Amino acid sequence: MKKRGFTLVEILIVIAIIASIIAIAIPNYLSARQRALDVKTKSDMAAIKDALRLYYNDFNSYPPSAAPGKLSGCGAAGTALCPCTAGGSDFATGAACENVYMKQTPTGLGSTILYSLSTLRTDDFCMGSLLSNQSDPDIIASQTRCFGACSNKYPSPNTKYWACAD
């Protein structure tokens, strides 16, 4: 009588191959998630930066900083917290919020974006956010570009990604 099936050695070899593939795939998957969160954070900061530039064109100054992640940019003078949507998450000016710069400020980021006016120059602002990948080369590039606006807000050594008025 002939027996059919796999031997214990064959099963162990298959398990070892599957374990090797998983050991290679999981770290790559996790680093891809980190990079995706970092890209989202950078693009959200770029969108906020564009909205701040539009605000600057109208008021010849940047809005004052409020709680971290929130902009004071509403009201006739553009200095009140934005009440137009729940939680003040929009960025608009005017008594009825008719000048909308950003309908909804980004939420649910991989990290919190901190905004502040530059204390060295009145025509500059600074935003900073931690990225998941602390060795991202864009961190050093952003710090070099925004050193004048952000160096007093985030002193060295610093691992935040910065955005400024340029």
request  = Filter region 123-166 for residues that are in a loop (DSSP other than H, G, I, E, B) and either of a type in the set (Phe, Trp, Tyr) or closer than 26 Å to Tyr55 by Cα (or both) and give the result.
outcome  = Asp123, Asp124, Cys146, Ser151, Asn152, Lys153, Tyr154, Ala165, Asp166
remark   = Checked against (1) surrounded by 19 or more Cβ atoms within 10 Å (Cβ to Cβ); (2) modelled with pLDDT of 85 or more, Asp50 satisfies every condition except (1)
key: Answer from Gly108, Gly87 - the residue that is in a loop (DSSP other than H, G, I, E, B) and modelled with pLDDT under 70   = Gly108
query = For Ile22, are the conditions met, namely being at pLDDT 80 or above, of a type in the set (Val, Ile, Thr) and closer than 29 Å to Ser132 by Cβ?
reply = yes
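The values are calculated or read from the model by the stated rules, or taken from the named source; none is laboratory data. The model shown is predicted, which means the values in this text are computed figures rather than measured ones. Every residue, glycine among them, receives a Cβ derived from its backbone with ideal geometry; neighbour counts consider all protein chains shown.
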